[in-house]
Amino acid sequence: MFKKSCCLYVGLRCDIPCVNITTLTGHVLPWTEEIKYLGIFIVQSRVFKCAVDDAKCSFYRAANDIFGKVGRLASEEVTLQSMKSKCIPVLLCGLVACPLNKS
């Protein structure tokens, strides 16, 4: 029951080890540096931060799938429309909740 539960610290003292949290049944919740919540990876940091590496990998996977099936047979318009309808939503899913920087 507690396999999916864990703890993550976000704040000024995020790098200092914290005391273990124990449930009423005696299970200890582990401390992690990254958690996945509703498809977004939240990272331990001094400020709220999300990791977008998984979203980028999913985008490239979807794009390579389209290029692998279409190749050079389809026109540029068809390829771009396929990218717009299949790949961009994969990249942007959940990023509304994440603060992004220029990099």
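The values are calculated or read from the model by the stated rules, or taken from the named source; none is laboratory data. Every value quoted in this text rests on a predicted model; they were computed, and no experiment measured them. Here Cβ is always computed from backbone atoms with ideal geometry, including for glycine, and neighbour counts include all displayed protein chains.
Can you confirm whether region 23-37 contains a residue that is basic (Lys, Arg) and in the same structural domain as LYS4 (by TED's automatic domain parsing)?
Looking for residues that are basic (Lys, Arg) and in the same structural domain as LYS4 (by TED's automatic domain parsing), one finds at least one in region 23-37, hence yes.
Condition first: among the hydroxyl-bearing types (Ser, Thr, Tyr), closer than 28 Å to PRO89 by Cα and not in a loop (DSSP other than H, G, I, E, B). Now tell me which residues in region 17-76 satisfy that.
TYR37, SER58, TYR60
Looking only at region 1-38, which residues are more than 28 Å from ASN101 (Cα to Cα) and surrounded by 10 or more Cβ atoms within 10 Å (Cβ to Cβ)?
The answer is PHE2, SER5, CYS18, ASN20, ILE21, THR22, THR23, HIS27, VAL28, LEU29, PRO30.
Just give me the residues in region 39-94 being surrounded by fewer than 14 Cβ atoms within 10 Å (Cβ to Cβ), under 9 Å from the mean Cα position of the chain (by Cα) and on the phi > 0 side of the Ramachandran plot, in sequence order.
GLY39
Could you give me the residue pairs with C-beta distances under 8 Å whose first residue belongs to region 46-66 and is of a type in the set (Asp, Glu), whose second residue is assigned to a helix (DSSP H, G or I) and surrounded by 13 or more Cβ atoms within 10 Å (Cβ to Cβ) wherever it lies, and which are 6+ apart or on separate chains?
Within 8 Å, no pair qualifies.
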